[in-house]
Amino acid sequence: MMINQKASRILRLPEVRDKVGLSRSSIYALMSKGDFPRSVPLGERSVGWFEDTIDSWLLEREKKRNNK
């Protein structure tokens, strides 16, 4: 059975940094605390993030900000 699901684009670190406005070290610090989406291994020395996961994380941050 085939599930129809739109494939999410994979973002590399420079695109993630631009999108979320955080530095590399801040992103990895938040990841280690479980407060940022985990990266996906792409190869031996490269990782990426699913764009829809980053978008969801940004929306959650906005919801938290608006609920304060």
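The values are calculated or read from the model by the stated rules, or taken from the named source; none is laboratory data. Being a predicted model, the structure only gives us computed values, none of them experimental. When the accessible area is computed, the model is the full protein with side chains, heavy atoms only, and any ligands, DNA or RNA have been set aside. Shrake-Rupley method; radii C 1.70, N 1.55, O 1.52, S 1.80 Å.
In the range 19-57, what count of residues is obtained for those that are among the polar types (S, T, N, Q), in a loop (DSSP other than H, G, I, E, B) and open to solvent by 50 Å² or more (accessible area, probe 1.4 Å)? Spell out how you get there, then give the answer.
Within the range 19-57, the first condition is being among the polar types (S, T, N, Q), and the residues that meet it are 23, 25-26, 32, 39, 46, 53, 56.
From what's left, in a loop (DSSP other than H, G, I, E, B): 23, 39, 46.
Next, from what is left, pick out any that are open to solvent by 50 Å² or more (accessible area, probe 1.4 Å): 23.
The qualifying residues number 1.
Only a single item in (1) modelled with pLDDT of 95 or more; (2) among the polar types (S, T, N, Q); (3) more than 13 Å from the chain's Cα centre (by Cα) is not met by residue 4, and it is number (1). Just the residues that are small (Gly, Ala, Ser) and more than 16 Å from residue 60 (Cα to Cα), please, taken from the range 18-45. Scanning the range 18-45 gives 23, 25, 26, 29, 32, 39, 43.
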